[in-house]
Amino acid sequence: MDITILKNFEYAYLFVPQLVFWGLTILIHVLFASGVARDAGALKDNGQRIILVGPMTWVFATLIGGVFVAVAFWLMHHTEIFRDKTPPEDY
């Protein structure tokens, strides 16, 4: 057996974990972006306002930023932090 073939696999123990890490990172970003897309669509269908930017911008931002952008989206749209605090007109 030619020893040069084995030398090509010398650094495979470094490459494979990196490949797995980046593959899982991409998968998580895509899953969270699809969740944000579904939620943003549901919010828009219910007549609620999407805060800061449009739904597709949130989706693309989640593709890039992953979990952190998804958490920001959730905080802005599903908590009382950014809710309109003005009372209704018939108050």
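The values are calculated or read from the model by the stated rules, or taken from the named source; none is laboratory data. All values derive from a computational prediction rather than experimental measurement. No Cβ is skipped: glycine too gets one built from the backbone with ideal geometry, and neighbour counts run over all protein chains shown.
Looking at the structure I just gave you, is Thr86 surrounded by fewer than 15 Cβ atoms within 10 Å (Cβ to Cβ), at pLDDT below 85 and within 20 Å of the chain's Cα centre (by Cα)?
On the way: surrounded by fewer than 15 Cβ atoms within 10 Å (Cβ to Cβ): yes; at pLDDT below 85: yes; within 20 Å of the chain's Cα centre (by Cα): no.
Criteria not met by Thr86.
Checking each residue in region 36-54 for being surrounded by 16 or more Cβ atoms within 10 Å (Cβ to Cβ) and closer than 12 Å to His77 by Cα picks out Val36, Asp39, Ala40, Leu43, Ile50. Pairing each residue of region 43-69 that is in contact (Cβ under 8 Å) with a residue 40 or more places away in the chain and at positive phi with any residue that is surrounded by 13 or more Cβ atoms within 10 Å (Cβ to Cβ) and outside any loop (DSSP other than H, G, I, E, B), provided the two are 6+ apart or on different chains, yields C-beta distances under 9 Å for Gly66/Ile28; Gly66/His29; Gly66/Phe32; Gly66/Ala33.
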